[in-house]
Amino acid sequence: TRTTRPQRLLKAVQDRAIRGNPKSVISVIDHYCRNQEWAMNVGDEKGFILDSVVSELNPQTVLELGTYCGYSAVRIGRLLHSGARLLTLEFNPDYAAVAREVISWAGLENTVQLVEGASGDWIPRLREHFGIHTFDFIFLDHWKEGYLADIKLLEECRLLRKGTVLLADNVVCPGAPDYLEYVRKSPLYDSRYFKSHLEYTKAEDGLEKSVYLG
Ligand SMILES: CCCNc1ncnc2c1ncn2[C@@H]1O[C@H](/C=C/CNC(=O)c2cc(-c3ccc(F)cc3)cc(O)c2O)[C@@H](O)[C@H]1O
Ligand SMILES: [Mg+2]
């Protein structure tokens, strides 16, 4: 049977990227998705904004919602200092299998932990299961209609603390209007929009950075 898009992206990584070199994994995926087959990675342009937010914050505990092929997990993981950890949640087993390989090819298996399952099921269990108190940084890039429910669940589970930074992909395209309205209106957040473009295209998209005020 035909291979899937994530499987073809993984093959490009294994054929072209240098093992243990996250930078080469990132550039191989961006080149492949720009020139051969588009895929919904955050990409290089929005990725540069993601990099600057992570580098400035230097987080110790990071949560990612929606691993897909592992591109942003590698992007974030490569910037984390020793002892820092990224937990990334993915509920599609086929995507999770590809992402594990991509994360391993980048040599980040000791920094990035992929947890298979739905965010709604796992968020309430992260503290008891992984001994996490609160997150320093959260990257939202899963189903756009799930952003709002999950940020509210994170609040309820007290996994946010004063200064926790949430960065949401695709707030314009495909869009997350209910999430945007919430973080921009709520007194609990200081929110800011970083205008950019949809990965590998000229269409507008952007990232919303929201600081939890606690
Ligand atoms: C409701 C939340 C459910 N909880 C969940 N828990 C764990 N993993 C979840 C997940 N939801 C989705 N996922 C996974 O996240 C990933 C989903 C991402 C959804 N992303 C998009 O739809 C998306 C779509 C576009 C896009 C933009 C324009 C266009 F023409 C076509 C596509 C661009 C992006 O950057 C995107 O991120 C998958 O790997 C999926 O299996
Ligand atoms: Mg996205």
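The values are calculated or read from the model by the stated rules, or taken from the named source; none is laboratory data. Not measured: the values here are computed from a predicted model. In this analysis, Cβ positions are derived from the backbone assuming ideal geometry, glycine residues included, and neighbour counts consider all displayed protein chains. Surface accessibility is based on the protein's heavy atoms, side chains included, excluding ligands, DNA and RNA. Shrake-Rupley method; radii C 1.70, N 1.55, O 1.52, S 1.80 Å.
Filter the stretch 184-195 down to the residues that are over 9 Å from Lys209 (Cβ atoms) and within 18 Å of the chain's Cα centre (by Cα) and list them by number. Of everything in the stretch 184-195, just one residue is over 9 Å from Lys209 (Cβ atoms) and within 18 Å of the chain's Cα centre (by Cα), namely Lys195. When Ile49 is tested against the conditions (1) within 16 Å of ligand 2 (Cβ to nearest atom); (2) of a type outside the set (Gly, Ala, Ser); (3) at pLDDT below 95, the lone failure is (3).
Restricting attention to the stretch 9-44, the residues being part of a loop (DSSP other than H, G, I, E, B) and more than 24 Å from His197 (Cα to Cα) number 5. So Val102 ticks every box in (1) over 13 Å from the mean Cα position of the chain (by Cα); (2) more than 15 Å from Gln7 (Cβ to Cβ); (3) more than 11 Å from ligand 1 (Cβ to nearest atom); (4) not small (Gly, Ala, Ser) but one. Which box is left unticked? Status for Val102: all satisfied but (2). Figure legend. Inter-residue proximity from the stretch 129-144: first residues of a type outside the set (S, T, N, Q), second residues open to solvent by 30 Å² or more (accessible area, probe 1.4 Å) and within 14 Å of ligand 2 (Cβ to nearest atom), beta-carbon distance below 6 Å, spacing 6+ or different chains. Indicated pairs: Lys144/Pro174.
When you check Ala118 against the structure, is it hydrophobic (A, V, I, L, M, F, W, C) and within 16 Å of ligand 2 (Cβ to nearest atom), yes or no? In short, no. Looking across Pro124, Pro174, Pro187, one residue alone is farther than 26 Å from Pro93 by Cα and at pLDDT 95 or above. It is Pro187. Count of the stretch 166-213 residues, restricted to those that are in a loop (DSSP other than H, G, I, E, B), surrounded by 13 or more Cβ atoms within 10 Å (Cβ to Cβ) and more than 13 Å from ligand 2 (Cβ to nearest atom), is 3.
In the stretch 45-68, how many are part of a strand (DSSP E or B) and either open to solvent by 10 Å² or more (accessible area, probe 1.4 Å) or free of Cβ contacts under 8 Å to residues at least 40 places away in the same chain (or both)?
Adding up the residues that qualify gives 1.
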